[in-house]
Amino acid sequence: MALTFELDPPFDRSVRDGITALWTDVSNAGGAVGFVPPVTAEDVRPELVKHLVAMEEGRTRLLVGYDEDGAVAATVFLTRNTHRLMAHWLWAYTVMVHPRHQGRGYGRDLMAAAADAARTIEGIEAIRLTCRGGTGADRFYSACGYKEVGRVPGAIRVTEGDDRDDVIMLLPLG
């Protein structure tokens, strides 16, 4: 069964707790979403608050994918650029699909839904994101139509002695 996507859902307790649990589970499964395991909900909450503030300020839109039980199973935050010369593209942050749903094509569905959502935002011509090298995420995003447009070697220090590239990718929406 496919995920059901909702752009800008009401940010109620179930969405907040669902995203917190998703982010924690993805991180603990080795997902490259800003943390290194082990991660707790208490670790994730301050980062989620940053997204919430951006949503309240009107800079960020939330896309949520719900599974057949109505649980939060996937997310992406779409954030407008604040620089006036870069207002024609936005960032995709915290792209996640719950580990129990991976391998079913839901990641591709999420990225297609994110592109569809971005196309509804006036003036947006592209989506840009970054991913951690060495995880295979760059291959996944390439399969979704993104092109690698830059790479900063060793920019992400996962642990001492484990530096990864920061891979910059772009999806033109035209």
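Read the figures in this text as sums done on the coordinates, not as results from a lab. Bear in mind the structure is a predicted one, so any value in this text is a computation, not a measurement. Neighbour counts run over all protein chains shown; Cβ positions are idealised from the backbone, glycine included.
Quick notes on this structure:
- Global geometry of region 41-80, whether rounded, prolate or oblate, following the gyration tensor of its Cα atoms and the 1.5 cut on a/c: oblate
- 222 nm mean residue ellipticity, helices alone, for the chain (DSSP H n ≥ 4; -39,500 (n - 2.57); rounded to 500): -9500 deg cm²/dmol
- Listed options for mean projected area of the Cα convex hull in nm² are (1) 10.1; (2) 11.4; (3) 10.7. The value calculated from this structure is the one marked (1).
- Relative contact order (percent, whole number), the chain, Cα cutoff 8 Å, 6+ residue spacing: 18 percent
- Neighbourhood net charge (14 Å Cβ-Cβ; Lys/Arg +1, Asp/Glu -1) for residue 39: -3
- Gyration tensor (alpha-carbon) shape descriptor, region 88-174, a/c threshold 1.5: oblate
- Where both bridge residues fall in the chain, DSSP classifies roughly 90% of the beta bridges as antiparallel.
- Projecting the Cα atoms of 111, 146, 136 onto the dipole axis of the chain, where Lys and Arg carry +1 and Asp and Glu carry -1 at the beta carbon, places 146 farthest toward the positive end.
- Each Lys and Arg adds +1 at its Cβ and each Asp and Glu adds -1 at its Cβ; summed about the Cα centre, the chain shows a dipole of about 440 debye.
- Seen through its C-alpha gyration tensor, with square-root eigenvalues sorted a ≥ b ≥ c, region 1-88 comes out oblate because a/c lies at 1.5 or above while a/b is not bigger than b/c.
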